[in-house]
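Heads up, the thing below is written out as structure tokens.
The values are calculated or read from the model by the stated rules, or taken from the named source; none is laboratory data. Keep in mind that this is a model prediction, so the values were computed, not measured. Counting neighbours? That spans all protein chains shown, and the Cβs are built from the backbone with ideal geometry, glycine included.
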Amino acid sequence: MVKIAGGAGHYLDTPGKRCSKSLDKNETREWFLNDRIVTKIEKMLKDYEGVEFLRLDDPTGKKDIGLRERTDKANAWGADILISNHHNAGINGGSGGGVSVYRHPVTPQKTKDYQKGIYDKIIKYTGLKGNRSNPLATSNLFMLRESNMSAVLVENGFMDSKKDVPIILTEEFALSSAKAQVEFLVETFDLKKKPEPQNTSPDVFYRVVTGSFGDRQNALGRVAKLEKAGFDSFITVYKK
């Protein structure tokens, strides 16, 4: 069984984590953007066998689940990989930005491969390649440092970039990022789609006939033709 741990960074009321008002009049909160992607990933993975998904944050966004609690939960569960989805900031209304994927500075080659694999897939699906000098970045972030398994943090574009914001607000972008991450997981862990449910019962066709046949003999003749053609007939012919 492949175990995937994931979650939406922060929670609904995390101070300051939202799109710039000058670029988004609704000031969409980061957790909403993160959650939209994570929810789609979890739903898509249900189409595959031999895989479990553990959500580390509160799916309602109302409760702030601490980083220690999230990491301990993933470690105790024995996750094979941890993917935390976020959205970035720091462009201050500029046109730069793009997707970045982080790992801890001290990691095995496998984690480096996962980092690049996820980044390449997201760029393939979204095209949101920005001007970051190093989109495959390292950082001593708590969850990356304290996770026993390979862990990466995805920054799905910048919430204060005039280029990124119109893109990351769309449902299409969230779907594309989720598809990219699931495709990476499918290929990396050789996941197989669940077989389509088989219909073992024979098809039965029913013909409903209404109206007048003119006379009983004519009606019986039509019923006989239907039955000969393979239809089950539930027609009652009444004698006038």
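Below, the figures for the structure above:
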read-out: Hits in region 29-84 - residues which are closer than 15 Å to K17 by Cβ and among the polar types (S, T, N, Q); value: N34, S84
read-out: Qualifying positions in region 169-195 - among the β-branched types (V, I, T) and either in contact with a helix residue (DSSP H, G or I) (Cβ under 6 Å, 6 or more places away or on another chain) or without any contact (Cβ under 8 Å) to a residue 24 or more places away in the chain (or both); value: T170, V182
read-out: G127 vs. criteria at pLDDT 95 or above and touching a strand residue (DSSP E or B) at 6+ places or on another chain (Cβ under 7 Å); value: no
